[in-house]
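**Student:** Structure provided below as structure tokens; questions to follow.
No value in this document is a laboratory result; all are computed from the given coordinates. Model, not experiment: these values are computed from the prediction. All Cβ positions, even for glycine, are placed from backbone atoms using ideal geometry, and neighbour counts span all protein chains on display.
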Amino acid sequence: MGKRKPTIAICYDFDGTLSPGNMQEYDFFPQLDIKPRNFWKEAKKRAKEQQGDSILSYMCLMIEKAVASGRVKITRKAFGDYGKQVKLFDGVVDWFKRVNEYGREKGASIEHYIISSGIREMIEGTPIAREFKKIYASAFWYDQHDVAKWPAQALNFTTKTQFLFRVNKGCLNEWDDVEVNKYVSERKRSIPFKRMIYIGDGTTDIPCMKLVKVQGGYSIAVYKPSTRGAKADAEKLLKENRVNFVLPADYTEGSPLDRKVKALIDMMVAEFIVEKRVYQRRRKAAVRTKQQQENRPDDVSEVSQV
């Protein structure tokens, strides 16, 4: 409780959460001249046949399709260029600045994180990449010519949760398994779960949503506005007690999502102030007790001399 102000982490999925669709569908698939539905169906089929991970399956298939085409580049730079074509939901571009300013006004520091099964290099090519303290996402292994050869990092349903613990403990790299698994008391953790907000949209987010909620934070399921069945699917997560709130993926100022996140920031700041005051009072009381004990005369009976 030595911190002067609370740090609040807002963690986001990407596809379906900040962007209306899958990032590969905006530029990468069109260049390959393949239909998204066919690609995802093939990736799922391969994962089932090989008893493998669906994320690894689609990443390997991306490489195979690009190499087979002989014309679609899969360099680090090319993935960044594909990311520039990714569409974002309304209000996303200036969302981070607005939320950060609101946090400062309320006496809090806001940190933003991406935890996505999508491609990290594509996310890094979007106009909002600079807004995140860390982007955790699936990534490729590159050769000396910066050409993608193999998956280096794959984030699936449950592996996404480890990155919440990295944020929680302040161990922000992707590779140090020893450090992230070390015991750290709740009091010394960088950002407690109760000061986390997780925003996601689908099944790959469920473990993260549930973890944050159970640990005292807040999970928000967003859905694509004006899309048939999207709201009902998201509300199912609420009925199953996996999220705290269900809201349309509208990030514009004054939207329900905007108001809800700001209300949660208010609540977290208020709780931090109360906790800090209680801690300070207990500390002062402990000091007084110690001083009283030190000033108390020894309990020894004096023997009168006759």
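**Student:** About its Cα centre, what dipole magnitude does the range 136-264 give when the only charges are +1 on Lys and Arg Cβ and -1 on Asp and Glu Cβ, stated in debye to the nearest 20?
**Tutor:** Roughly 680 debye, rounded to the nearest 20.
**Student:** Modelled label-to-label distance, W175 and A68, 7 Å Cα→beta-carbon offset: nm?
**Tutor:** 3.3 nm
**Student:** In whole Hz, with x marking every Gly and Pro, tabulate ³J(HN,Hα) for the range 229-234 from phi via Karplus 6.51 cos²θ - 1.76 cosθ + 1.60, θ = phi - 60°.
**Tutor:** x, 5, 5, 4, 5, 5
**Student:** Next question. Percent antiparallel among DSSP beta bridges with both residues in the chain, to the nearest 5?
**Tutor:** 15 percent
**Student:** Can you list residues from other chains, or at least 5 along the same chain, whose modelled amide H is less than 5 Å from the amide H of T159?
**Tutor:** Here the answer is none, since no amide H 5 or more places off falls under 5 Å of that of T159.
**Student:** Would you mind ranking C11, C60 by Cβ crowding within 10 Å, fewest neighbours first?
**Tutor:** Arranged by neighbour count, lowest to highest, C11, C60 become C60, C11.
**Student:** Tell me the angle of helix 256-295 to the major Cα principal axis of the chain, expressed in degrees between 0 and 90 and rounded to the nearest ten.
**Tutor:** Between helix and principal axis, roughly 30 degrees.
**Student:** Using a 10 Å Cβ count of at most 16 others and DSSP loop calls, identify the longest part of the chain lacking such GluC sites (Glu not before Pro).
**Tutor:** Counting at most 16 other Cβ atoms within 10 Å as exposed, the longest clean stretch of the chain is 1-239.
**Student:** Under 10 Å, Cα contacts only: if you run a Gaussian network model on the chain, which one of L211, L88, L61 comes out with the highest mean-square fluctuation?
**Tutor:** With Cα springs under 10 Å in the chain, the top fluctuation among L211, L88, L61 is at L61.
**Student:** Hey, for a label at K188 modelled as a point 7 Å past Cα toward Cβ, could you say which residues of the range 152-171 have their backbone N under 15 Å away?
**Tutor:** Within reach of a label on K188: 169-171.
**Student:** What value in Å³ per residue do you get for the convex hull of the alpha-carbon atoms in the chain?
**Tutor:** Expressed per residue, the convex hull around the Cα atoms of the chain is 186 Å³.
**Student:** Now a separate question. Can you tell me the FRET efficiency between K41 and D146 if r is taken as the Cβ-Cβ distance and R0 is 30 Å, rounded to the nearest 0.05?
**Tutor:** 0.50
**Student:** Then there is this: Pairs to check: K160/K210; K224/K262; K133/K276. Give those whose C-alpha atoms are more than 18 Å from each other in this structure.
**Tutor:** Pairs exceeding the cut-off: K224/K262; K133/K276.
**Student:** For Cα pairs less than 8 Å apart in space and 6+ apart in sequence, what is the mean separation divided by the residue count of the range 7-275, i.e. the relative contact order in percent?
**Tutor:** 21 percent
**Student:** Charges only on Cβ, +1 for Lys and Arg, -1 for Asp and Glu: so what's the dipole of the range 7-275 about the Cα centre, in debye to the nearest 20?
**Tutor:** Computed charge dipole of the range 7-275: roughly 380 debye.
**Student:** For S69, S117, what's the fewest-to-most ordering of other Cβ within 10 Å of each Cβ?
**Tutor:** In increasing order of surrounding Cβ atoms, one gets S69, S117.
**Student:** Expressed as an acute angle from 0 to 90° and rounded to the nearest 10, what is the orientation of the C-alpha long axis of helix 54-69 relative to the principal long axis of the chain?
**Tutor:** 40 degrees
**Student:** At most 13 other Cβ atoms within 10 Å plus a DSSP loop assignment makes a site exposed; report the longest stretch of the chain without any exposed trypsin sites (Lys or Arg not before Pro).
**Tutor:** 229-306
**Student:** On to the next question. Taking only Cα atoms, what is the 0 to 90° angle, nearest 10, from helix 36-50's long axis to the longest principal axis of the chain?
**Tutor:** For helix 36-50, the angle is close to 70 degrees.
**Student:** Where is the GNM fluctuation largest for the chain (alpha-carbon springs, 10 angstrom cutoff): Q293, Q51, Q85?
**Tutor:** Among Q293, Q51, Q85, the largest GNM mean-square fluctuation belongs to Q293.
**Student:** Subtract the Cα-Cα distance of T252 and Q215 from 0.36 nm times their separation in residues, and report this length gain in nm to one decimal.
**Tutor:** 10.5 nm
**Student:** So which residue, out of G254, G91, G83, gets the largest mean-square fluctuation from a GNM of the chain using Cα contacts under 10 Å as springs?
**Tutor:** With Cα springs under 10 Å in the chain, the top fluctuation among G254, G91, G83 is at G254.
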